[in-house]
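Notes to accompany the following structure.
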Amino acid sequence: MRSSMHRGIEPGYPKLIQTPARYDFEYEEDEEDESGDVDIENKYYNAKQMKLLDPEDAVIEFLGIPPLEQEKGEWGFKGLKQAIKLEVKLGKYDQAADHFAELLTYVKSAVTRNYSEKSINNMLDYIEKRADGPEASKSLEKFYSLTLQSFQSTNNERLWLKTNIKLLKLLLDRKEYSLVSKKLKELHKACQRPDGTDDPSKGTYSLEIYALEIQMLAETKHNKQLKALYQRALKVKSAVPHPRIMGIIRECGGKMHMGEENWKEAQSDFFESFRNYDEAGSLQRIQVLKYLLLTTMLMKSNINPFDSQETKPYRSDPRISAMTELVDAYQRDDVHAYEKVLQTHQDILDDPFIAENIDEVTRNMRTKGVLKLIAPYTRMKLSWVAKQLKVALPEVQDILGFLIVDGKINGTINQQEEILEINSDADAERTEAMSSLSNSIQELFTAVFKDGDGFRATNVNTPFEQSMDFQGLSMGRNLGLRGTGQQRAKKGKGQAAMWA
């Protein structure tokens, strides 16, 4: 019986020892002492508590964890991760890169493939967000290169693609277009089948690569290639893209349509871009919303862009208040309010795209202002128009010249005296109206007295009676002239007989 009890005993569990007096429990010790792991774990969490108060000492603590492990393990991997993040935060990019190279040696055996891939990708995202300045940008490129070298040997194509896309974005931000073009060819090939067609299983990566290429073409003004690639990207159906990617594609599409002065399509694309950026939580949604307001003015639309459910929450957002005031002044045809907003909020023009297209809006606004101002007048000095609108005299001449050529103003400009003279059509229109009225009366008279029955009674048909009717009419006209004679005839008998 005693042997059967001992047969099922495992290390670390109590062994029952029978004695004549009592039962005692004796614990067996494990072959491996776990106290070392406990010390490492405690050191890790102590270092985490030091991060906020003393980050430099925390880095030393984290870097002290890997040497404590007999073999590379998870705690050493975690310690290096935390140390690298703190070094990036402290601006120690070279040290962070060296420790990152050490971290990559853990991915082959110390941690699982999925955990290492997720950790490295998150690490690169963290570094990318905090890479500010030329030194940080150069260091970020080193991080990408180290990652590509490491995961190319492990045949991890997914992380290789993600890292290459990040590197491509970095090169695009630097505007190194030749390197971008070279990298694009490499990535397009990686996302294609052997026959050259797009691989549906890599549709998400393909769409992200398209988005970056579209950005490059938009920046370099290659509109013909941009339009073809834009249409191609919209036809990709095998991917479930991140909303931010679709936001980029739609934003570039809107800018492309703006270049073609296709305001309606531009407005549609900017709205879709805003909706996608908003869904992704990207701050770029504010800038694209400004573009949407810009197209509203270029379309000369009176529809409030904040009527839609997506844009309504941003109506009172202080970041777009200047553009909102601009649209309001434009839709009210208030040129003075429009000019005041532009003068007060010079930061509107900080965006190159808005600065490039706002001139068209301003021109439209001033044109409407000129038409409204000169409407009551037929002759005025150009200097007066310029003063009223607070616009330079040459621009007033240019606007009036355009309106005359376009047929919106019937007038001439006296260049010598700088006077605008409007050719009034009021007298001609009045004469034409009177002539038309006279013709209508003549036609009515003809219809009544010549072609019609006139005032004739229906039972009178003889020519003699007709002549008597006309004679009576004639006598009635003369009686009006002989009223005094008729009164005298009533007093005289002989004369009364003659009038009878």
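Cβ-Cβ contacts under 7 Å between residues 6 or more apart (or on different chains), taken from a first residue in region 233-258 that is in a loop (DSSP other than H, G, I, E, B) to a second residue that is at pLDDT 80 or above and open to solvent by less than 30 Å² (accessible area, probe 1.4 Å), are listed as VAL236/GLY203; VAL236/SER206; VAL236/LEU207; SER238/GLY203; ALA239/GLY203; ALA239/SER206; ALA239/LEU207; PRO241/LEU207.
Within region 90-124, the set of residues being charged (D, E, K, R) and over 41 Å from the mean Cα position of the chain (by Cα) comprises ASP98, GLU102, LYS108. Residues in region 290-306 that are modelled with pLDDT of 90 or more and of a type in the set (D, E, K, R): LYS290 only.
So that you can scan it fast, the table gives a plain yes or no per residue for (1) surrounded by fewer than 19 Cβ atoms within 10 Å (Cβ to Cβ); (2) of a type in the set (A, V, I, L, M, F, W, C); (3) within 20 Å of ASN122 (Cβ to Cβ):
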residue: GLU135; (1), (2), (3): yes, no, no
residue: LYS138; (1), (2), (3): yes, no, no
residue: LYS142; (1), (2), (3): yes, no, yes
residue: LEU146; (1), (2), (3): yes, yes, yes
residue: GLU157; (1), (2), (3): yes, no, yes
residue: TRP160; (1), (2), (3): yes, yes, yes
residue: LEU168; (1), (2), (3): no, yes, yes
residue: LEU171; (1), (2), (3): no, yes, no
residue: GLU176; (1), (2), (3): yes, no, no
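The set of residues in region 192-212 being open to solvent by 40 Å² or more (accessible area, probe 1.4 Å) and within 24 Å of GLY259 (Cα to Cα) consists of GLU208 alone.
Tell me whether region 70-89 contains one or more residues that are within 43 Å of the chain's Cα centre (by Cα) and among the acidic types (Asp, Glu). The answer is yes, given that some residue of region 70-89 is within 43 Å of the chain's Cα centre (by Cα) and among the acidic types (Asp, Glu). Could you tell me which residue of region 174-200 is nearest to ALA136 (Cα to Cα), considering only residues that are of a type outside the set (A, V, I, L, M) and in contact (Cβ under 8 Å) with a residue 24 or more places away in the chain? Ranking the candidates gives ARG174 first. List the number of the failed condition for MET216; all other conditions in (1) surrounded by fewer than 17 Cβ atoms within 10 Å (Cβ to Cβ); (2) in contact with a His (Cβ under 9 Å, 6 or more places away or on another chain) hold. With (1) surrounded by fewer than 17 Cβ atoms within 10 Å (Cβ to Cβ); (2) in contact with a His (Cβ under 9 Å, 6 or more places away or on another chain) applied to MET216, the lone miss is (1). Residues in region 351-383 that are among the β-branched types (Val, Ile, Thr) and surrounded by 13 or more Cβ atoms within 10 Å (Cβ to Cβ): ILE354, ILE358, VAL361, THR362, THR367, VAL370, ILE374. Counting only helices (runs of 4 or more DSSP H) wholly contained in region 7-90, the ones carrying 1 or more residues that are modelled with pLDDT of 85 or more and among the basic types (Lys, Arg) occupy 35-50, 74-89.
Scanning region 326-346 for residues that are open to solvent by 90 Å² or more (accessible area, probe 1.4 Å) and either closer than 22 Å to ARG285 by Cα or among the hydrophobic types (A, V, I, L, M, F, W, C) (or both) yields a count of 1.
Only one of GLU102, GLU87, GLU69 is of a type in the set (Asp, Glu) and within 20 Å of LYS51 (Cα to Cα); which? The conditions single out GLU87. Among residues of region 440-458 being open to solvent by 90 Å² or more (accessible area, probe 1.4 Å) and assigned to a helix (DSSP H, G or I), the one that is modelled with the lowest pLDDT is PHE449.
Filtering region 78-97 to residues that are small (Gly, Ala, Ser) and either open to solvent by less than 10 Å² (accessible area, probe 1.4 Å) or in contact with a Cys (Cβ under 8 Å, 6 or more places away or on another chain) (or both) leaves GLY79, ALA83, ALA96, ALA97.
Scanning region 98-110 for residues that are among the aliphatic types (A, V, I, L, M) and crowded, with 21+ Cβ neighbours inside 10 Å yields LEU103, VAL107. Only one of the numbered conditions (1) over 23 Å from LYS78 (Cα atoms); (2) in contact with a helix residue (DSSP H, G or I) (Cβ under 6 Å, 6 or more places away or on another chain); (3) hydroxyl-bearing (Ser, Thr, Tyr) is not met by SER139, and that is (1). Being more than 18 Å from the chain's Cα centre (by Cα), surrounded by 21 or more Cβ atoms within 10 Å (Cβ to Cβ) and under 18 Å from SER273 (Cβ atoms): is that true of ALA233 here? For ALA233, the condition - more than 18 Å from the chain's Cα centre (by Cα), surrounded by 21 or more Cβ atoms within 10 Å (Cβ to Cβ) and under 18 Å from SER273 (Cβ atoms) - is met. Among the residues of region 395-425, the one identified as within 13 Å of TYR377 (Cα to Cα), loosely packed, with under 13 Cβ neighbours inside 10 Å and under 42 Å from the mean Cα position of the chain (by Cα) is ASN410.
Do we have any residue at all in region 133-149 that's in a loop (DSSP other than H, G, I, E, B) and out of contact with any strand residue (DSSP E or B) (no Cβ under 7 Å at 6 or more places or on another chain)? For region 133-149, residues in a loop (DSSP other than H, G, I, E, B) and out of contact with any strand residue (DSSP E or B) (no Cβ under 7 Å at 6 or more places or on another chain): present.
If you go through region 259-291 and keep only what is of a type in the set (Asp, Glu) and either under 22 Å from SER301 (Cα atoms) or touching a residue at least 60 places away in the same chain (Cβ under 8 Å) (or both), you end up with GLU260, GLU261, GLU265, ASP269, GLU272.
Here LYS255 meets the list (1) more than 24 Å from LEU283 (Cα to Cα); (2) open to solvent by 60 Å² or more (accessible area, probe 1.4 Å) almost entirely, failing just condition (1).
Residues of region 91-132 that are in a loop (DSSP other than H, G, I, E, B) and small (Gly, Ala, Ser): GLY91, SER109, ALA110, ALA131. Look at (1) at pLDDT 90 or above; (2) open to solvent by less than 40 Å² (accessible area, probe 1.4 Å) and you find that GLN287 fails only one, number (2).
The values are calculated or read from the model by the stated rules, or taken from the named source; none is laboratory data. On a predicted model such as this, the values are computed, not experimentally measured, just so you know. Backbone-built Cβ (ideal geometry, glycine too); neighbour counts: all protein chains shown. Surface accessibility is based on the protein's heavy atoms, side chains included, excluding ligands, DNA and RNA. Shrake-Rupley method; radii C 1.70, N 1.55, O 1.52, S 1.80 Å.
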